[in-house]
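Here's the structure we're looking at; comments come further down.
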Amino acid sequence: MVVDDHPMWREGVARDLAEAGHQVVATSGEGRQAIRVAPAARPDVVVLDLQLPDISGVAVIRGLRAALPQVRVLMLSASGEPESVLEAVKAGATGYLVKSAAPAEFLDAVRRTAAGEPVFTPGLAGLVLGEYRRLAAGGGDRAAARPDAAPRLTERETEVLRLVAKGLSYRQIAERLELSHRTVQNHVQNTLGKLQLHNRVELTRYAIERGLD
């Protein structure tokens, strides 16, 4: 699903996605409309502009996640300001890409977002991890506050989680552990389920708070 208030940009992104083999189930130029349409369209990934005419992209993320908890949101914005990035990620965005990205970079970001990988414009990943480390140092997370309540992970799940926290992609983790890409995905999905988390961004924060990075 593509959400952007500029018709030419919105149609161009939808066309690029369709030509790359992705099914575009809906497009929208307004945030509230996107939130209304999403439950019926059931997109796996929403490509979302930060600045919309009616409500903010951050508000749209919250609305989408409330309606579809498993949806993955890739922000595609002209702004690369740290505050904007952190607000989007805290609201539940899986990734954040600036609009100056090359088409091939954008399509790769969509593919990785669909797989649950956090995707950020170069230079922004370190910013997000740094903020999570700052938050972890101050405590306050529900899992950190109840360490005895944490579900038990297998040795392999913990190993994969540690590499996720270091920012490695599924492919890099698979190569390092000599596993298949699919096996790594399965370990991540099992870990998400056990910890009741929604995406790799939340998983990374959990790992940092547990000192697994």
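The values are calculated or read from the model by the stated rules, or taken from the named source; none is laboratory data. For clarity, every value in this text was computed on a predicted model and none was experimentally measured. Heads up: the accessible areas ignore ligands, DNA and RNA and are worked out on the full protein's heavy atoms, side chains in. Shrake-Rupley method; radii C 1.70, N 1.55, O 1.52, S 1.80 Å.
Using 0.36 nm per residue of separation minus the Cα-Cα distance, give me the extension gain between ASP54 and ARG15 in nm, one decimal.
Contour length minus the Cα-Cα distance gives 11.6 nm.
Once you sort the root eigenvalues of the Cα gyration tensor of region 1-62 as a ≥ b ≥ c, which label holds: rounded (a/c under 1.5), prolate (a/b larger than b/c) or oblate (the other case)?
Because a/c hits 1.5 or more and a/b fails to exceed b/c, region 1-62 counts as oblate.
Ignoring ligands, DNA and RNA, please state the percent of accessible area on region 1-129 from carbon and sulfur, probe 1.4 Å.
About 53 percent, which is the carbon plus sulfur part of the accessible surface.
Using a 1.4 Å probe, what is the accessible area per residue for region 1-57, in Å²?
Result: 54 Å² per residue.
Using a 1.4 Å probe, how large is the accessible area of GLU30, given in Å² and rounded to the nearest 10?
90 Å²
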